[in-house]
Structure formats: C-alpha cells, structure tokens
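What follows is calculated from the coordinates using simple rules that are stated; it is not laboratory data. What you see is a predicted model, and the numbers here were worked out from it, not measured in a lab. Cβ coordinates were reconstructed from backbone atoms using ideal geometry, including for glycine residues, and neighbour counts include every protein chain displayed.
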Amino acid sequence: MFKRQLRKYKRNIYINSLDNTWIKRTMKDMRYTFAQFKAEYPDDNACLEAVFQNRYGKLNYCPKCGADTKWYRVKNRKAYACIHCRHQLHPLADTIFRKSETSLWNWFYAIYLVSVAKNGISAKELERHLGVTYKTAWRMLNQIKKLMAEELELSGIVEADETYIGGRRSQSEMHDNKTPIVGIAEKRGLVKAKVLDGKASEARVMPFLKHNISPLSVLHTDKSRIYHNASKNQFKHR
Ligand SMILES: [Zn+2]
C-alpha cells in the first residue's frame with residue numbers, strides 16, 4: 001500500500017514538472033480547426049502533393065535513370081515524373097486512396113473528421129459530411145480506422161507491464177477468472193493495451209510488443225520472466 005502511494009506521489013511530481021510548452025503544443029494540436037485544415041489542404045492537388053512529399057519528398061535521384069533529379073507533376077494525372085527521363089512515380093499506389101472514386105480531398109476531409117472527433121464518428125455522420133453514399137462512408141471509415149490502428153507504433157522509452165483485472169477470486173487463485181492484460185506506454189505519449197487469450201507469458205506478450213513497438217526502442221519492465229529475452233527481440237531492455 002505504501003509503495004503504491006509513493007508511486008502515485010512520484011507520478012504527480014512528474015506531471016507537475018512537465019514542460020509547459022509541451023502542454024501548450026499538445027493543446028494546440030487538439031484544436032486543429034477546419035479553417036486550418038482547409039488552408040493546409042485546399043484541394044485535390046494540395047492533398048496529392050502532401051502524399052507525394054510524404055512518400056518521395058526526400059528522393060533526389062531517379063531509380064530509373066540514376067541521375068540526381070527533381071520531380072514535376074504530370075498534368076491531369078496523379079503522378080510525378082523525373083525531369084530527365086520522365087520516369088513516373090505514383091504516390092497513391094498501395095495506399096487507401098488508390099483507385100477510389102471518392103476525391104482525394106474527400107478522403108483527407110474524412111481523416112480530418114475522424115481525427116478531431118472526441119468520441120469517434122459514425123459512418124452515418126461521415127455520409128452527411130462528405131455527401132457520399134452510406135456504403136462508401138462505411139468503407140472509408142473502416143479503412144481509415146484500420147490505417148490509424150496500424151500506424152500506432154510506440155517508440156523511444158516504452159514501459160511494458162501485464163496485469164489481471166476483474167473477477168472475484170482470492171489472490172491465490174487470481175488467474176482463474178480474471179482477464180489478463182498487457183499494456184505498453186510511451187514516455188509522454190501513446191498507450192496501447194491488449195487482452196491476452198490466456199495467462200500472461202512470454203509467448204503471448206512478446207509478439208504484441210514486437211508488433212507495436214518500433215525496433216531499437218528502450219523497453220522498461222519489471223523483472224518478470226516474460227521479458228527476460230526482450231534484448232534478443234530487437235529491444236534495448238532495462
Ligand atoms: Zn530519370
């Protein structure tokens with residue numbers, strides 16, 4: 001009990017000492033308004049340029065002719081070409097925007113709406129905002145959600161721990177009807193948790209860590225056997 005209180009106290013100090021600019025920046029990010037969104041992404045071209053910059057912005061040579069190059073937008077096509085050999089890059093290939101009948105701006109608008117909705121957004125609301133069919137809205141929403149979940153990879157200093165919640169058994173039988181959970185938390189950042197399909201073990205926990213924490217992150221854990229091989233599994237382990 002005392003240990004728990006001490007931990008709580010330490011955590012409070014930590015929260016109180018958090019850098020003010022970091023808090024302000026986070027608050028600002030949360031208030032990304034529609035006006036800001038519209039200014040940053042006014043039309044399809046701006047959205048395509050954003051995808052291109054994200055994927056190929058740092059590509060300063062041509063994979064086809066090998067020359068140091070620059071890329072120009074191909075007129076009326078969703079492609080960019082090498083100034084020397086006209087080799088084309090298609091920034092939307094292998095993305096959720098590919099071959100979609102919905103405009104790229106509508107996709108960006110949908111992502112904006114999903115991102116700023118505090119309590120999530122329904123396909124019905126998306127249908128109304130975008131002026132697309134319910135079926136299209138539902139499909140878009142699912143793809144966006146899937147993409148967002150996939151990209152949620154933790155990095156830097158990451159803490160991992162497992163616990164058992166719920167149930168009503170005594171300490172000695174605690175695993176019998178309690179639900180095993182593993183959680184990971186990034187320092188000052190993302191948190192992710194998963195229900196395990198059995199008692200917490202290395203075989204059940206490590207795949208979750210490997211899938212959700214970027215390689216070379218520093219993994220902090222307690223001395224449980226579950227994490228003994230963490231350093232053999234791409235992490236720096238403390
Ligand atoms: Zn070229």
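Tell me, what is the percent relative contact order of the range 157-237, built from C-alpha pairs under 8 Å that lie six or more residues apart?
Values: 128 pairs, mean separation 22.7, N = 81.
Reported as a whole number, the value is 28 percent.
Using the beta-carbon distance between SER224 and SER115 and R0 = 25 Å, what value does 1/(1 + (r/R0)^6) give for FRET efficiency, to the nearest 0.05?
In this case the efficiency is close to 0.10.
Over the range 34-151, calculate the relative contact order: mean separation of alpha carbon pairs under 8 Å at least 6 apart, over the residue count, as a percent. Display every interim value, and only then the final one.
Values: 104 pairs, mean separation 20.3, N = 118.
That works out to 17 percent.
Post the alpha-carbon centroid distance, the range 198-238 to the range 80-115, in whole angstrom.
So the separation of the two Cα centres works out to 36 Å.
For ASN76 and THR163 in one chain, what is 0.36 nm times their gap in residues minus the Cα-Cα distance, to one decimal in nm? Write out the running numbers ahead of the final one.
Values: separation 87, 0.36 × 87 = 31.32 nm, distance 5.55 nm.
This chain segment gains 25.8 nm when fully extended.
Where does the charge balance sit around SER224 when Lys and Arg score +1, Asp and Glu -1, over other residues with C-beta under 11 Å from its C-beta?
Values: positive: LYS223, ARG225; negative: ASP161, GLU162, GLU202, ASP222.
In short, -2.
Within a 10 angstrom radius of the beta carbon, how do VAL51, VAL205 rank from fewest other beta carbons to most? Mind showing how you got there, number by number?
Values: VAL51 18, VAL205 23.
Result, fewest neighbours first: VAL51, VAL205.
Out of the DSSP beta bridges found with both residues in the range 157-237, what percent are antiparallel (nearest 5)? Kindly include the intermediate steps, with their values, before the conclusion.
Working: 13 of 18 bridges.
Counting DSSP beta bridges with both partners in the range 157-237, the antiparallel share is about 70 percent.
Gain in length, HIS90 to VAL195, computed as 0.36 nm per residue apart minus the alpha-carbon separation, to one decimal in nm? Can you show the working numbers first?
Numbers: separation 105, 0.36 × 105 = 37.80 nm, distance 3.92 nm.
Length difference between fully extended and current span is 33.9 nm.
What is the gain in length, in nm to one decimal, between LYS135 and GLU153 on full extension, counting 0.36 nm per residue of separation less the C-alpha to C-alpha distance? Each step should come with its number before you reach the end.
Working: separation 18, 0.36 × 18 = 6.48 nm, distance 2.95 nm.
Gain on stretching LYS135 to GLU153: 3.5 nm.
Using Cβ counts within 10 Å as a stand-in for footprinting exposure, how do ILE96, ILE121 rank, fewest first? Show your work: numbers first, answer last.
Numbers: ILE96 15, ILE121 19.
Ranked by crowding around the Cβ, least crowded first: ILE96, ILE121.
At what distance in nm do the modelled label points of LEU59 and LEU216 sit from each other, each positioned 7 Å from its Cα along Cα→Cβ?
2.3 nm
Need one number: nm distance between label points at GLU101 and TYR32, each 7 Å from Cα along Cα→Cβ, rounded to one decimal.
Calculated label separation equals 2.9 nm.
With a ≥ b ≥ c the root eigenvalues of the C-alpha gyration tensor of the range 34-151, is it rounded (a/c under 1.5), prolate (a/b larger than b/c) or oblate? Each step should come with its number before you reach the end.
Numbers: a/c = 2.35, a/b = 2.31, b/c = 1.02.
Prolate shape, in that a/c is at least 1.5 and a/b is the bigger ratio.
Give me the net charge of TYR134's neighbourhood, meaning all other residues with Cβ under 13 Å from the Cβ of TYR134; Lys, Arg count +1, Asp, Glu -1. Before the final figure, lay out each step's value.
Values: positive: LYS124, ARG128, LYS135, ARG139; negative: GLU125, GLU127.
Summing Lys/Arg as +1 and Asp/Glu as -1 gives +2.
Give the order of MET148, MET206, MET140 when sorted by the count of other beta carbons within 10 angstrom, beginning with the fewest.
Values: MET148 12, MET206 19, MET140 23.
Starting with the residue having the fewest Cβ neighbours, the order is MET148, MET206, MET140.
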